[in-house]
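Please treat every number below as a calculation from the coordinates, not as lab data. Just so we're clear, the structure is a prediction, and the values are computed from it rather than from any experiment. Virtual Cβ from ideal backbone geometry, glycine too; neighbours counted across all protein chains shown.
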Amino acid sequence: MAIKIVMPQLGESVSEGMVGRWLKRVGERVERDEPLVEIITDKVNAEIPAASSGILKEISVNEGETVAVGTQIALLEEDGAPAASTPDRPPPLQDTGGFFSHDEEPQPAAPQPEHAVRTSPLVRRLAQEHGIDLAQVPGTGLNGRVTKEDILAYIDARRPAAPGPEPVAKPAQPAPAAGEAIKVSPLRRLIAEHMSHSKATVPHATTFMEIDMTRLVRRRQEVREDFLRREGVELTYLPFVVAAAVDALKRFPTMNAEWAGDKIVLHPKINVGIAVAMEQGLVVPVVHEATQYSVAGLARRIRELSDKTRAGKLALDDVRGGTFTVNNPGAFGTVLSVPIINAPQAGILTMDAIVKRPVVLDNDAIAVRSMMFLGLAFDHRVNDGLTAGRFLAAVKEFLEQKAPALV
């Protein structure tokens with residue numbers, strides 16, 4: 001039976017994807033649950049597993065091509081089907097909008113124990129041959145799936161290191177020469193398309209507010225060593241800003257919303273995207289239901305998501321469902337930033353560097369204070385400047401008055 005493989009939808013707002021890499025060639029056998037193709041979106045790179053065993057019959061979309069969700073990208077000849085179809089009787093196909101479809105009802109999969117590790121027969125065979133408990137192998141595939149590369153890396157890591165020469169540092173890569181054309185990576189191309197779409201379709205407005213972070217800076221200095229010992233992560237200013245944004249989003253729910261043509265959709269949960277910068281591009285993992293976290297909990301969760309992002313181990317659930325975004329370009333020393341909204345969200349908050357400078361106080365005295373700019377870009381269809389200003393004022397009040405007492 002010929003199975004039609006279509007471009008999956010990797011996230012609610014994702015309408016297309018790019019084929020990054022085919023993990024099998026035409027004519028090769030594919031086992032059920034074995035990674036078949038790598039799909040790239042502006043949100044995540046994901047290895048898509050085969051839902052059935054068979055032979056890869058046809059590749060319809062080449063590596064590097066972007067197609068809409070639901071587009072056929074390949075054909076798989078399922079086990080038990082004839083090797084090839086005759087011209088006058090092609091295998092019946094129908095597209096049901098899922099990843100795999102054919103003209104018969106799918107057979108239910110054999111039940112697996114709840115603790116079973118999701119992987120392919122090949123990986124299970126390798127694990128059995130080497131006496132490895134798959135539950136101990138970190139999976140880097142979709143939703144933590146253990147791939148062939150994972151099991152081989154685990155096997156290599158268990159081997160005793162052989163003596164050899166001292167490692168030689170790799171020479172630094174030369175900077176691109178003037179006039180040189182740099183090939184655009186698939187992730188960079190998709191980010192460019194998403195940002196261009198956001199600027200072209202969302203009427204952006206941006207407003208700024210200056211925050212006196214002096215009390216919070218002093219408090220952080222007092223507790224940072226104890227916090228690191230107690231929580232196991234460094235205490236940065238980002239979780240405080242996220243906590244302030246969450247508090248303000250509860251008070252101004254139209255900032256936690258999206259434009260939907262003839263209506264504004266208010267999201268019932270506050271899921272905060274955290275922009276993580278990498279060499280190849282910006283990725284935005286999501287802190288789901290951020291209202292349930294303390295500042296310490298946010299610090300741990302943000303660190304966990306950042307580590308997974310840089311290790312390339314984000315699962316699909318880690319990047320979807322965001323309702324508002326916080327960006328931290330101040331980590332690189334910026335003092336004033338104008339962000340682009342991560343559509344279809346209604347806003348993005350950006351925090352810049354904390355800088356000491358002289359400030360005139362209420363009593364007209366001049367003092368050196370630790371100051372920071374916050375920038376809010378908002379969808380002007382959803383909110384006006386009044387709501388945006390009140391939202392930023394709530395964030396300011398939280399950071400200046402409440403935050404120092406939270407750790």
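Details
- Ordering of 297-304, 177-184 by burial proxy (mean other Cβ atoms within 10 Å per residue, highest first): 297-304, 177-184
- Peptides 232-245, 327-340, 387-400 ordered by packing proxy, namely the average of other Cβ atoms within 10 Å per residue, highest first: 232-245, 387-400, 327-340.
- Fraction of C-alpha pairs exceeding 24 angstrom in the range 292-407: 39 percent, rounded to a whole number.
- Using equal-weight Cα scatterers in the Debye expression, the normalised intensity of the range 200-405 in log10 at q = 0.14, 0.15 Å⁻¹ is -0.83, -0.95.
- Beta bridges assigned by DSSP with both partners in the range 200-405 are antiparallel in approximately 80 percent of cases.
- Phi-based couplings in Hz for the range 279-289 (Karplus 6.51, -1.76, 1.60; Gly and Pro marked x): 4, 7, x, 8, 10, 10, x, 10, 8, 6, 6
- Taking the range 200-405 as the region of interest, the number of lysine pairs whose Cα atoms are within less than 29 Å, with members eight or more places apart or on different chains, is 11.
- Sequence of K263, K250 once ranked by neighbouring C-beta atoms within 10 Å, starting from the fewest: K263, K250
- Distance between the C-alpha centres of the range 184-255 and the range 384-400: 14 Å, rounded to the whole angstrom.
- Each peptide among 193-200, 53-60, 348-355 gets the average number of other Cβ atoms lying within 10 Å of its residues, and from highest to lowest they stand as 348-355, 53-60, 193-200.
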